[in-house]
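Report on one structure; see the data block that follows.
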Amino acid sequence: MENNYFDKINAVLDEQKWIEEFLIGQGYCVICGHDDPLDLEGHHPGRERNHTWFRISACRNCHGRFTKKQDRWWPKESLRNDNPPELRMAFVHRGLAEAFEAKARKIFDAHGVSWYS
């Protein structure tokens with residue numbers, strides 16, 4: 001019975017943490033607009049090492065694409081823990097620029113506009 005009690009407490013704490021995370025986020029994926037709260041994650045546009053305090057809300061699919069792009073194409077310096085503040089912010093700016101580009105492409109596609117025309 002005691003284990004069941006602690007399991008319930010842990011479940012409540014996990015749910016409270018999830019609610020706090022959801023409220024911190026925008027409530028929908030900032031790229032595709034997906035709004036199922038169970039599919040939303042917090043994405044660090046400049047990688048977590050460069051700023052733990054700033055996240056954007058992204059669905060699992062968009063978050064996966066962003067992270068894969070960072071892993072494959074970003075400079076290895078983005079993984080360092082000792083970057084100077086100016087460089088940390090540069091990575092945040094790059095991540096936000098990529099998020100803005102992804103959002104613009106979604107809107108262009110929805111209206112049949114070519115990205116390159």
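Do you know which of the residues in the range 1-36 that are assigned to a helix (DSSP H, G or I), polar (S, T, N, Q) and at pLDDT below 75 is nearest to residue 96 (Cα to Cα)?
16
Could we say that residue 88 is closer than 18 Å to residue 54 by Cβ, free of Cβ contacts under 8 Å to residues at least 40 places away in the same chain and not aromatic (Phe, Trp, Tyr) here? For residue 88, the condition - closer than 18 Å to residue 54 by Cβ, free of Cβ contacts under 8 Å to residues at least 40 places away in the same chain and not aromatic (Phe, Trp, Tyr) - is not met. On the stretch given as the range 37-61, residues that are surrounded by fewer than 15 Cβ atoms within 10 Å (Cβ to Cβ) and not in a helix (DSSP H, G or I) total 2. The number of residues in the range 37-57 that are among the hydrophobic types (A, V, I, L, M, F, W, C), more than 15 Å from residue 97 (Cβ to Cβ) and touching a strand residue (DSSP E or B) at 6+ places or on another chain (Cβ under 9 Å) comes to 1.
A single entry from 55, 80, 49 fulfils the requirement of being over 17 Å from the mean Cα position of the chain (by Cα) and among the basic types (Lys, Arg): 80.
Of all residues in the range 93-117, none that is at positive phi and in contact (Cβ under 8 Å) with a residue 24 or more places away in the chain has its Cβ atom under 8 Å from the Cβ atom of a residue that is in a helix (DSSP H, G or I) and exposed (fewer than 12 other Cβ atoms within 10 Å of the Cβ), 6 or more apart or on another chain.
Of all residues in the range 24-49, those satisfying the criterion of being touching a Ser or Thr at 6+ places or on another chain (Cβ under 7 Å), under 14 Å from residue 66 (Cβ atoms) and in contact (Cβ under 8 Å) with a residue 24 or more places away in the chain are 29, 30, 47. For residue 64, the stated conditions do not hold, so it cannot be described as under 23 Å from residue 32 (Cα atoms), of a type in the set (Gly, Ala, Ser), at pLDDT below 90 and not in a loop (DSSP other than H, G, I, E, B).
Within the range 78-99, does at least one residue satisfy the condition of being part of a helix (DSSP H, G or I), among the basic types (Lys, Arg) and farther than 15 Å from residue 30 by Cβ?
Among the residues of the range 78-99, at least one is part of a helix (DSSP H, G or I), among the basic types (Lys, Arg) and farther than 15 Å from residue 30 by Cβ, which makes the answer yes.
The values are calculated or read from the model by the stated rules, or taken from the named source; none is laboratory data. None of these values were measured; they are calculated from a predicted model. Every residue, glycine as well, gets a Cβ built from its backbone with ideal geometry; the counts of neighbours run over all protein chains shown.
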